[in-house]
1. Any chance the stretch 273-284 includes a residue that's open to solvent by less than 60 Å² (accessible area, probe 1.4 Å), of a type in the set (A, V, I, L, M) and under 27 Å from the mean Cα position of the chain (by Cα)?
2. With the requirement that a residue be open to solvent by 10 Å² or more (accessible area, probe 1.4 Å), under 26 Å from the mean Cα position of the chain (by Cα) and not aromatic (Phe, Trp, Tyr), what does the stretch 478-500 give you?
3. Which members of the stretch 296-319 meet the condition of being within 18 Å of ASN258 (Cα to Cα) and either out of contact with any strand residue (DSSP E or B) (no Cβ under 9 Å at 6 or more places or on another chain) or open to solvent by 50 Å² or more (accessible area, probe 1.4 Å) (or both)?
4. Please specify each residue of the stretch 323-357 satisfying the condition of being outside any helix (DSSP H, G or I) and open to solvent by 60 Å² or more (accessible area, probe 1.4 Å).
5. Restricting to the stretch 202-216, name every residue that is in contact with a strand residue (DSSP E or B) (Cβ under 6 Å, 6 or more places away or on another chain) and open to solvent by 20 Å² or more (accessible area, probe 1.4 Å).
6. Answer yes if at least one residue in the stretch 159-166 is touching a strand residue (DSSP E or B) at 6+ places or on another chain (Cβ under 8 Å) and modelled with pLDDT of 95 or more, and no otherwise.
7. Condition first: among the charged types (D, E, K, R) and either more than 16 Å from LEU510 (Cα to Cα) or in contact (Cβ under 8 Å) with a residue 40 or more places away in the chain (or both). Now tell me which residues in the stretch 532-554 satisfy that.
8. If I ask for residues that are surrounded by fewer than 17 Cβ atoms within 10 Å (Cβ to Cβ) and either outside any helix (DSSP H, G or I) or touching a strand residue (DSSP E or B) at 6+ places or on another chain (Cβ under 7 Å) (or both), which ones from the stretch 70-84 would you list?
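The values are calculated or read from the model by the stated rules, or taken from the named source; none is laboratory data. Bear in mind the structure is a predicted one, so any value in this text is a computation, not a measurement. Neighbour counts run over all protein chains shown; Cβ positions are idealised from the backbone, glycine included. For accessibility, only protein heavy atoms count, side chains too; no ligands or nucleic acids. Shrake-Rupley method; radii C 1.70, N 1.55, O 1.52, S 1.80 Å.
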Amino acid sequence: MLENGDCDDGDDDQCSLKTCGIAQPNSRPAAASLVGLPPPFSDQVLENVLENVLCFLTSHRDRNAASLVCKSWFRAEAQTRLELFIGNCYAVSPARAIGRFRCIQSLVLKGKPRFADFNLVPLGWGARFSPWIAAMAPSYPSLQRICLKRMIVADADLVLLATSFPSFRDLTLICCDGFTTAGLAAITENCRRLRSLDLIENDVEDDDDDRVDWVSCFPPGKTCLESLVFDCVGCAVNLEALESLVARSPSLWRLRVNDYISVGRLFRLMARAPQLTDLGTGSFSSFQGEGDFRASLESAFMASKSLVCISGFRDLAPEYLPSIYPACANLISLNLSYALITTDQLKPVITRCHNLQTFWVLDSVLDEGLQMVAATCKNLRELRVFPLDATEDSEGSVSDVGLVAISEGCKKLQSILYFCQTMTNAAVVAMSNNCQDLVVFRLCIMGRHRPDHLTGEPMDEGFGAIVKNCKKLTRLAVSGLLTDKAFAYIGKYGKLVRTLSVAFAGNSDLGLRYVLEGCPKLQKLEIRDSPFGDTGLLSGIHHYYNMRFLWMSSCKVSVKGCKEVARRLPHMVVEVIRDRLEDDNSAAMEKLYMYRSLVGPRNDAPPFVKLL
């Protein structure tokens, strides 16, 4: 619930037993001389030793385990923790977190459930950053880094953040909303040591009358900026100010711009920052009346010798795609998930990317495009194939053919997200046999209850092979026509699975029981549009305290079943979320969100959320 991130490397350099002030005696004193004397080391000295030893623990799970040994370890671990991870902003109160951890320099805080990304969490549900920043401002004067995910962040929150922490240097906002360019201006103007400002998949759109020139608010002169990501900002920026900022930021290694930046501006930015290793290209087309910049853009990519990651391509003009050819040989990451690119357009790019380790793409490349990836990218570790049309009745562009090709050609694969309309058990079994280092396997068959399209059989054996053969698997997403047999496989073999997502699958409560009783490491369970009811829900009573959360929507769970869980597990917060207030008296449950909490139910629940 409260987890620590990795320690800074600089902290480890200072952690040495020499700093404890303990000398090693040359000879052992006689036992008689110790009679009646106090212990050689006081509790305070032992805690000092322990604090120095704990600096060497970099895993948050190791630090959590250390804090449970005894009270002195608990105190020492809290006093030495510099980085705090809170996976659910309602799992603990700001006051409680601050009371235990007094020296925090870095905070990661998550808010709304992941299904908010699919519009399944109603607007106004909660997860406001305001109470957190109000509590941290006077308590953490040394705070340097904040990462927020799926939080509601107001402009006033950003103003308070920018004016409260003199050493603040890193801000990352992921899938957040509520703020505007006025809040960004407060950060860029007041955070004089700003090292990174990363805005990722946020909702930032201002009216023309309210727009603030936040880029011009960076202080003049040389900056400390290393990373600037604003590809999600839905309004134009001051191009001259941006060019000036890039030119006076010699440490800038990552720059991702929005689609208001044309290729005519892009090559000028690249010329001012040849040291970039990570580039987000913006629109990757020229605006009307600008002219042709193909030669200039190709020269810019040719001069960018350090470039290893490219993304963007939000409004791709195919005639500019050859410009990136000079950079392809060095690429380890290529994100084309916003580019409507064909198989023929992909071929000359991907055949130059022999060192690629991460590749995101739309299914518009078809199975033939994936076959080219498999033939070229032998070191691929992560693949994500997104749908151009995500509707259930769309015509599939990739299939089992592409998946088999990837499994045969990319045997070092560790993570895959694959959207498709048709699949076979044989293809998934091939993936399990060829890519046994898989840690993440997410197969999203978009049509509901789709069987193996060749045999008509359920997809049980395919997913069973994944959990049986991929022994490092920690994250799994299942879909398609699945029976309880598939969940029996997951319960039997998925001993390391920590996150499980289920959509349109299962045929009785027994399937849910198999998972809850068989997966001891399970932390996050997300279920939608599946036939699990109260019996399945109650089968996990023994395990829910060990989980971070359970989400169920459009299932067969009743309010009565939810109340029974709340009665038997008083330290679990059970939220019943309704889309319409007039359904308040219904016995059916639309959405259930259940999570463990140290402080009990929250006090900011909206009317459509009932806390049981």
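1. Checked the stretch 273-284: at least one residue is open to solvent by less than 60 Å² (accessible area, probe 1.4 Å), of a type in the set (A, V, I, L, M) and under 27 Å from the mean Cα position of the chain (by Cα).
2. Answer for the stretch 478-500, where residues must be open to solvent by 10 Å² or more (accessible area, probe 1.4 Å), under 26 Å from the mean Cα position of the chain (by Cα) and not aromatic (Phe, Trp, Tyr): LYS495, LEU496, ARG498, THR499.
3. Within the stretch 296-319, the first condition is being within 18 Å of ASN258 (Cα to Cα), and the residues that meet it are 297, 309-317.
Residues satisfying the conditions are LEU297, ARG314, ASP315, ALA317.
4. Within the stretch 323-357, the first condition is being outside any helix (DSSP H, G or I), and the residues that meet it are 329-342, 351-357.
The answer is ASN330, ILE332, TYR338, LEU340, THR342, ARG352, HIS354, ASN355, GLN357.
5. Just the residues of the stretch 202-216 that are in contact with a strand residue (DSSP E or B) (Cβ under 6 Å, 6 or more places away or on another chain), to begin with: 202-204.
Scanning the stretch 202-216 gives a single hit, ASP203.
6. Yes - at least one qualifying residue is present in the stretch 159-166.
7. Filtering the stretch 532-554 for residues among the charged types (D, E, K, R) gives 534, 548.
The answer is ARG548, and nothing else.
8. CYS70
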